[in-house]
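*Asks:* Quick one: the structure is below, questions incoming.
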Amino acid sequence: MSIARRLLNGYRSIQYKVAGRKKNGVLVPGVLCSHEPFEESINHGDVVHPCVRFIEEGFLGHKWWMVYTPYYAANDKTENPILCYSNSKEPEPPVNWHVFCQVQGQPEIGYNSDPTLLYDNESLFVIWRENLTPRCEDAGYIRACFAARVQADGMGQAFGPLVGTNDFEEDPEVSPTFFKSKGGIYKCYAMHLKFHSEFISKLPSLIRKPVSTVASILDLLGFWSQQKSYGIAQWDSNELAVLFNYNRTVQFTNCNFLYRPWHMDFFEWEDKLYAIVQTNQCNADVCLAVSEDGINFRFYKKPLMTNATCGKMGIYKPTGGVIDGFFYLYYTAQNIDNRKLNKMYMTKIEFCKVIKQIQ
């Protein structure tokens, strides 16, 4: 370990104690997952931003489905959604996955990101976010989410946009989750983020570079960041294949001030809605937040997973849920000796025990 890394770790240990940020999570490290190779010469088998769903009645003969994107060496040109299934028919979260198809290839310009799954009326849909693509431009957006139905022979015709933004720096549809409420209303909950400081971006180029460097150092130390996380943007619609209405953005409560929530996934259990949250873009923990009313979300005190707990680096967007009282969590992370490659891990535990430990 380099001297700089040792100093940073020592600094963060003190900072965490002052801020009340826990170093360790309550779950045990996950089991490494595997999947069939797909364009591995390009993406090196990288897995990031997974969305895993269990379909009780099954779909096309499989109960477990996952969509993910490669993101090897942070190259957004490889970030094209891939749909997978598992042959496991029991409610046991699988660790081995088979490729069904690529959802979308690399666009001419721009890039894909943030895929998610929605099962509705015996149909499975993949929804993904596009950034600066021709499809976005044709729809009049800078970034937007599009969808397609999964068919036996692959993906159906793409439709949308469902949600989108015309602001280059502020985006209320990052890492979206789509679900259907008990009242039959389609919901989209997404992270509402601002990517860069408008003040810094308008500085002359000679000044902007050193100022940006200082901002990056301040961000690394947890003092200040160009990025702003405003909370959960909430959208709804009476139909899936139309433009959703933006309702509100709600801040998390009981959120540690060192956290700037970046990505998330949602699941329902016993009339409550839960958010599994990646707490920062970098140096993230995985935390759980709960909503009693389906609108406002409160963080639990302790994290589910941290870098220290899993012995990895670069924890990224988690996904999970509860089946038969057991909570399962999938997350991606990097080995310290290869920060270019993201791998996926799965861990599970009785949900009642999770809640007891993170209270």
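The values are calculated or read from the model by the stated rules, or taken from the named source; none is laboratory data. Every value quoted in this text rests on a predicted model; they were computed, and no experiment measured them. Note that we place each Cβ from the backbone using ideal geometry, even for glycine, and neighbour counts take in every protein chain shown.
Per-residue answers, yes or no, for (1) within 21 Å of the chain's Cα centre (by Cα); (2) surrounded by 15 or more Cβ atoms within 10 Å (Cβ to Cβ):
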position	(1), (2)
L221	no, no
S237	no, yes
L258	yes, yes
E270	no, no
I276	yes, yes
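*Asks:* Separate question: Could you tell me whether segment 197-205 includes any residue that is under 26 Å from R135 (Cβ atoms) and hydrophobic (A, V, I, L, M, F, W, C)?
*Replies:* For segment 197-205, residues under 26 Å from R135 (Cβ atoms) and hydrophobic (A, V, I, L, M, F, W, C): absent.
*Asks:* Restricting the first residue to segment 21-41 and requiring it to be touching a residue at least 24 places away in the same chain (Cβ under 8 Å) and loosely packed, with under 13 Cβ neighbours inside 10 Å, which pairs with a second residue that is among the charged types (D, E, K, R) and outside any loop (DSSP other than H, G, I, E, B) meet a Cβ separation below 7 Å and a spacing of at least six or different chains?
*Replies:* Close Cβ pairs (under 7 Å, with a partner that is among the charged types (D, E, K, R) and outside any loop (DSSP other than H, G, I, E, B)) amount to L32/K343.
*Asks:* Residue under question is Y316, and the condition is that it be among the aromatic types (F, W, Y) and assigned to a strand (DSSP E or B); does it hold?
*Replies:* no
*Asks:* Which pairs turn up if I take residues in segment 288-307 that are on the phi > 0 side of the Ramachandran plot and modelled with pLDDT of 95 or more and look for partners that are crowded, with 17+ Cβ neighbours inside 10 Å and charged (D, E, K, R) with beta carbon separation below 9 Å, at least 6 apart in sequence or on another chain?
*Replies:* These pairs meet every condition: G294/K187.
*Asks:* Look through F125, F179, F195, F168 and report the one residue that is over 26 Å from Y230 (Cα atoms) and under 21 Å from the mean Cα position of the chain (by Cα). Break it down into steps so the answer makes sense when it comes.
*Replies:* Numbers: F179 fails: over 26 Å from Y230 (Cα atoms); F195 fails: over 26 Å from Y230 (Cα atoms); F168 fails: over 26 Å from Y230 (Cα atoms).
Result of the check over F125, F179, F195, F168: F125.
Conditions (1) small (G, A, S); (2) free of Cβ contacts under 8 Å to residues at least 60 places away in the same chain; (3) surrounded by fewer than 23 Cβ atoms within 10 Å (Cβ to Cβ), marked per residue:
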{"site": "V95", "(1), (2), (3)": "no, no, yes"}
{"site": "P115", "(1), (2), (3)": "no, no, no"}
{"site": "F125", "(1), (2), (3)": "no, no, yes"}
{"site": "R149", "(1), (2), (3)": "no, yes, yes"}
{"site": "P176", "(1), (2), (3)": "no, no, no"}
